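Working notes, structure below.
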């Protein structure tokens, strides 16, 4: 049986993500910078996952594979952080409460180990989720 | 450029002393001329009033605080936005119209030149970007100096020459027109949440008083011989009893003589006088001191003023008087925006409703009109609403109606909820003066042009001047049956020419014109000390480099008109 | 020989640093080195030199492949799309200059489109709050010269605005702040112990999504009224201490970011933070400022405002301007299925919108004007690469404190490439022909 | 009273703006004239008759006119916009701005409505039998003058920002409400029979909120002020009383500070 944990997801900027978007969103570096979830060390324990293993993060709004890394800006038990970008946006809450602004922060998610599933590149992920035909 | 002949109109031109005579006005190549060829296009002005294009001496129409007003008041535009119409871009906004609407509304009322009254130097590029997008009217902007650290430091040591050299540098860097002073010292004090409410309150840290700043800047202005005089919004604006501070401010100009080559006779322009003419000790015994202020100004010829008429509308107040806006939000609890600008100035914005049902508002209305009606020389008193502070400039026709018709004033007084209070706290009820069209032309054309040092260029219809002409559907030979006809006539011109281009026809915009940005380019003797001081302040205290501050790209001022002044002698 | 260009403006974030030095080759075609910038700014300048850069427009074919087309063909596609659509959206504008924005607004006016900028996903809710309650603020130099209380609320400048702290907020020595960092107290409010929070004198680790409650509690504390024992995960005692620390300063500033604009409460979080600032002005001097993200999102708001009267989310479909986020805002319009064409410039909604708002873009006529390959170009029908603004062309921009700064051109764009403004002018002129307007 | 029925026959591909569908505009017009009124789909202006079948006739005045809206109008905005008198019955779901800036008359929406219903309402009655969206009875952006009169009743749930900047009138929600109830309110009365989410009454200056169910998280600015017995909508019960928002400014009346009142059923 796979172990899952519940986290409160927030997305936001990181300097690595900032460098990567300027370096090219088609590049693997973007995935390295933003195709991740930063988790508290205690949540790694709860999940029973190795650091830097792939996980599936699922909310009411979608599901995405990212690499789980230990946070450097903690402790923040119970909070998962995915840098802003396509991976976070595959699962954040689009509810704007009629303000125009989706709920990018504070989305309940579950995290489970997905060792053998690949983290897609940024553009690839968006194209796949939108059903864009690519040749 | 085409030739025009405006035929048979009743011409009112104080520059030439023409008082309603039937005359033809000829236009060729952008200028008023004596004669045109038979091929000139004829505009029939029979039974109409013809005046030069009007000159706005003080309004907030472009720049950061105006735009902050637009940004934070969507409700000011609710149901008021207008669609694209021919060559007219879309517009919107009641008290803070968009740039396009600003240009069009001025032009439709016969205004062809306007002054943006407060430009924060650090934001000058923004002011010019908006000016560029304001069609038709020529514009200029006054950078603010009264709380500028360079000015405070130089004047602390009475260094007039250095102050003047700095002013010249800043006018060039910002493409500015005149020396504007707002709440001298008080706005710097506001950097610490404080204020200077009298001309003798010391400015925190800088060891100088408002009186010293005012005097020094008048002297620097005359040292340079600028087209306009020092233009002041004194300390203590808007408070009961403030007229005393105003008199103290006016007295500083005593004995100082104008020195310039532009035909300007004053050394101080007192703006929105209405806000500075309050007596009483609180809002309960609030009263008009228009008589005390106008008595003083009537006697002292080296001062000009504008009125700042309250129009009884919902509007948006905005001023570089930061502490005043903080005070105001405490009174009406409406949304407050503020911007403190490093080393230079500040600004605040608060919506305000001048309700005819509130006695203070009604008395303010009376004071503005009293000032215009008590001033003996219309060449020294100009109609403004301090747009949008006392009301939007689009209400000028209404103000004109009140000034030209005692009947219209009486009707308004009768409509006030606290009529008795208005009558007891002001003398508006006892004034029966009605302005003539000639006086109106003095107060809105020849007068402001002269005060601004532009009398050779605009404000009149003398051959050689710019062909700025407004034709109104108003027959001076016929008695006014209904005062509303005055408001209607001055709202929408039959025809308007700007620099010889017809921009309005039957109240509609027919050309976006070729608007210019006026600025003053002063040559001064080389002053290495001032240049060193500027350099040092940028390195240590500004958040922008000096090179980027000075780099005002030509595209922000696409059609500049520099007025050159030589102050090297 | 190389040339060094000074006073260069960094076109990355709203800090708009203007002291960069860039070394270029003698012929002005190659950018060699960048000094003074942060790591992101450096990458931005250097990436413009990438060898694999796309330099010509590309149209997506039925089989999913790209076909290279001319700029004229790209202009034709864009103009036709905008002329035909009933409710097109012209979105982005935050990574381009005000000159381009101005042409874009003209296009939107002629085609009766909706237009919006990236405030949609960063500080749009701040603008709503400002409209509700105002904004006591100042320029960044005021903070450098006067501030002794610095509060970062829901923002992490160490990551998002790397030079902000050294240029303006924490470290600089100004006129009244000669001791620099020593003269300032730093409060950070964030649910994570961010790299910014690690530098703070006080870190309030607020429970995520409860900023509104914490801000209200501060206001109650200023007035010395009753408080529950714990608010938003913070003991009331600690809240009162923080309130006293704020009140005791001579000049304070609250910087806030997406931690509050995007969390539950949204505009109300900012609204209450502004109310806190307003309250503090009864005791001392306090200002508040949004940490704007894109380097010219502020400029876009300014240009929209002076031309149409509203700072973002403007709907011109009825021929006049209207504004009401929730109705006229891009993400709501996309998710609700209100749009039938998408023109994106100077931003990447494909990467930064929730996926449910990206899917509709993939299913409608769409143009993406962007020098980069992005998720947006990846789902759009037409990708138009352009010169890098702020690197290969100049133009005006507005800093996070609304101060305008003119960007500089430091190198030539690759041969034959258009700038945003040049491309837009061609689209505008073609659109005028199609619509028969002068 | 005359009844005019409009039935959606050709649904719009996008959304329709139908601010002309009000008793005020219909009054005195024939069915043919009404069919000729303008509606807007994006930037395309066409006639009401292109989308709706029009039958019956309008009264001479708004007060004499009842409009029945049939068919799928879930993509139609501005029904009853600025209406001052008369009646409107919407049989299905409707989109945004139902009864926005309404001054008088009655609207009955039998289905759900989305955001901005009853925005800045001044008078009249707006009844929603289904659910209401966000910003019900709130103020327009930037305006400090929200709903000032009239009565809104929602049988289902309502969204967030209900009664923002409310000055007067009444809102009754029989179901639950989402976050930010009565933010900045300075008057009026809101009754919620179900539960309220968090951020209830934030920055409230004056006015009244009555909650029968639970409140997710209380605002710290609401201070306990004992218990009271109240009769609300015919129900007598005991309520916990709170006053607030203590962080906000408040008016004084006869030397007494006036707070907003929040009652939560015990």
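What's the center-to-center distance, using Cα atoms, between segment B:288-319 and segment B:529-569 in Å?
33
Antiparallel versus total DSSP beta bridges in segment C:266-422: what percent is that, nearest 5? Write out the running numbers ahead of the final one.
Working: 6 of 14 bridges.
Looking only at bridges with both residues in segment C:266-422, the antiparallel portion is about 45 percent.
Report the paramagnetic label zone for residue A:72: residues of segment A:1-35 whose backbone N is under 20 Å from a point 7 Å from Cα along the Cα-to-Cβ axis.
Residues A:10-24, A:28-35 qualify, since their backbone N sits under 20 Å from the label point.
Please find, in a Gaussian network model of chain D (springs between Cα atoms separated by less than 10 Å), the residue of D:62, D:35, D:225 whose mean-square fluctuation is greatest.
D:225
Can you figure out the FRET efficiency of residue B:259 with residue B:430, using R₀ = 45 Å and their beta-carbon distance, to the nearest 0.05?
Numbers: r = 40 Å, r/R0 = 0.89.
That gives a FRET efficiency of 0.65.
Roughly how compact is chain D, stated as its Cα Rg over 2.2 N^0.38 Å to two decimals? It would help to have the intermediate numbers written out before the result.
Numbers: Rg = 19.7 Å, N = 266, 2.2 N^0.38 = 18.4 Å.
Computed over Cα atoms of chain D, the ratio equals 1.07.
From the gyration tensor of the Cα coordinates in segment A:4-130, what semi-axes in whole Å does the equivalent ellipsoid have, largest first, with each one equal to sqrt(5λ)? Before the final figure, lay out each step's value.
Numbers: eigenvalues 79, 64, 41 Å².
Ellipsoid semi-axes (Å, largest first): 20, 18, 14.
Determine, for B:365, C:153, the number of other Cβ atoms within 10 Å of each Cβ, and report the residues in order from fewest to most. If you can, show how the numbers build up before the last one.
Working: B:365 28, C:153 25.
So the ranking, lowest neighbour count to highest, is C:153, B:365.
May I ask you to sort C:185, B:335 by Cβ crowding, counting other Cβ atoms within 10 Å and putting the fewest first? Don't skip to the end; give the middle numbers.
Numbers: C:185 18, B:335 22.
Fewest to most other Cβ atoms nearby, the residues stand as C:185, B:335.
At R0 = 51 Å, how high is the FRET efficiency between residue B:462 and residue C:30 if r is their beta carbon distance? Nearest 0.05 is fine.
Numbers: r = 60 Å, r/R0 = 1.18.
Computed FRET efficiency for residue B:462 and residue C:30: 0.25.
What three numbers, in Å, describe the spread of the alpha carbons of segment B:233-344 along their principal axes, ordered from the longest?
That gives 46, 38, 24 Å along the principal axes, largest extent first.
Separation between the residue A:60 and residue D:3 pseudo-spin-labels, each 7 Å from Cα along Cα→Cβ, expressed in nm?
Output for this residue pair reads 3.9 nm.
So what is the calculated 222 nm ellipticity per residue for chain C, using -39500 (n - 2.57) for each DSSP H run with n of 4 or more, over all residues, to the nearest 500 deg cm²/dmol? Kindly include the intermediate steps, with their values, before the conclusion.
On the way: 16 runs with 152 residues, N = 438.
When only DSSP H runs of four or more count, the value is -10000 deg cm²/dmol.
Using a 10 Å cut-off around each Cβ, can you sort C:199, B:531, C:246 from fewest to most neighbouring Cβ atoms? Walk me through the numbers on the way to the answer.
On the way: C:199 17, B:531 14, C:246 25.
Listing C:199, B:531, C:246 from fewest to most nearby Cβ atoms yields B:531, C:199, C:246.
Any chance you could list P(r) for segment B:355-470, counting all Cα-Cα pairs in 10 angstrom bins from zero, rounded to whole %?
Using 10 Å bins, I get a P(r) of 13, 41, 30, 12, 4, 0 for segment B:355-470.
How large is the helix-only mean residue ellipticity at 222 nm for chain B, computed as the sum of -39500 (n - 2.57) over DSSP H runs with n ≥ 4, divided by its residue count, in deg cm²/dmol to the nearest 500?
Working: 19 runs with 179 residues, N = 569.
The helix-only estimate for chain B comes to -9000 deg cm²/dmol at 222 nm.
If you average over every viewing direction, what projected area does the convex hull of the Cα atoms of segment D:115-265 give, in nm²? Can you show the working numbers first?
Numbers: hull surface 32.8 nm².
It is 8.2 nm².
From the mean inverse distance of alpha carbon pairs (Kirkwood) and the Cα radius of gyration, derive Rg over Rh for segment B:394-454. Display every interim value, and only then the final one.
Values: Rg = 14.3 Å, Rh = 13.1 Å.
With Rh from the inverse mean 1/r over Cα pairs, Rg/Rh is 1.09.
Tell me, rounded to the nearest percent, the portion of alpha carbon pairs in chain B spaced more than 43 Å apart.
Details: 21207 of 161596 pairs.
Beyond 43 Å sits 13 percent of the P(r) for chain B.
When all alpha-carbon pairs of segment D:149-215 are counted, what percent fall beyond 13 Å? It would help to have the intermediate numbers written out before the result.
Working: 1187 of 2211 pairs.
The proportion of pairs with Cα distances above 13 Å equals 54 percent.
Quick one: plug the Kirkwood hydrodynamic radius of segment B:57-169 (C-alpha pairs) into Stokes-Einstein at 25 °C, 0.890 mPa s, and report D in µm²/s.
157
Using the C-alpha gyration tensor of segment C:124-290, what are the square roots of 5 times its eigenvalues, in whole angstrom, with the largest one first?
On the way: eigenvalues 99, 59, 53 Å².
The equivalent ellipsoid of segment C:124-290 has semi-axes of 22, 17, 16 Å.
Hey, what's the per residue convex hull volume over the C-alpha atoms of chain C, in cubic angstrom? Could the numbers behind the result be given before it?
Values: hull volume 62.7 nm³, N = 438.
So the per-residue Cα hull volume is 143 Å³.
State log₁₀ I(q)/I(0) for segment C:280-337 at q = 0.13, 0.17 Å⁻¹ as given by the Debye formula over alpha-carbon point scatterers of equal weight, solvent excluded.
Result of the Debye calculation: -0.50, -0.71.
Got a sec? Which residues in segment D:51-85 would a label at residue C:363 touch, if it sits 7 Å along Cα→Cβ and we count backbone N under 19 Å?
Counting backbone N atoms under 19 Å from the label point, the list is D:74-76.
Take the alpha carbon atoms of segment C:1-65, find their center, do the same for segment B:120-198, and report the distance between the two centers in whole angstrom.
Between the Cα centre of segment C:1-65 and that of segment B:120-198, the gap is 36 Å.
Rg(Cα) of segment C:2-47 divided by 2.2 N^0.38 Å? Kindly include the intermediate steps, with their values, before the conclusion.
On the way: Rg = 10.1 Å, N = 46, 2.2 N^0.38 = 9.4 Å.
It is 1.07.
Please report Rg (one decimal) and Dmax (integer) in Å for the Cα set of segment B:318-372.
When restricted to the Cα atoms of segment B:318-372, Rg and Dmax are 13.6, 41 Å.
Can you pull the three principal axis extents for the Cα set of the protein assembly as shown, in Å, largest first?
Between the extreme Cα coordinates on each principal axis of the protein assembly as shown lie 100, 89, 69 Å.
Post the alpha-carbon centroid distance, segment B:1-75 to segment D:1-71, in whole angstrom.
A separation of 47 Å, based on Cα centres.
What FRET efficiency comes out for residue C:171 versus residue B:415 if R0 is 56 angstrom and r is the Cβ-Cβ distance? Round to the nearest 0.05. Spell out each step's value before the answer.
On the way: r = 60 Å, r/R0 = 1.08.
My answer for the efficiency is 0.40.
Note the full-extension length gain between residue B:251 and residue B:46 as 0.36 nm times their separation in residues minus their Cα-Cα distance, in nm to one decimal. Spell out each step's value before the answer.
On the way: separation 205, 0.36 × 205 = 73.80 nm, distance 4.75 nm.
Gain on stretching residue B:251 to residue B:46: 69.1 nm.
With axes computed from alpha carbons, what is the tilt in degrees of helix C:211-222 against the longest principal axis of chain C, rounded to the nearest 10 within 0 to 90?
Between the helix axis and the principal axis of chain C, the angle is about 40 degrees.
Every read-out reported here was derived from the displayed coordinates using simple, explicitly stated rules and does not represent laboratory data. All of these numbers come straight from a predicted model, not from anything done at the bench. No Cβ is skipped: glycine too gets one built from the backbone with ideal geometry, and neighbour counts run over all protein chains shown.
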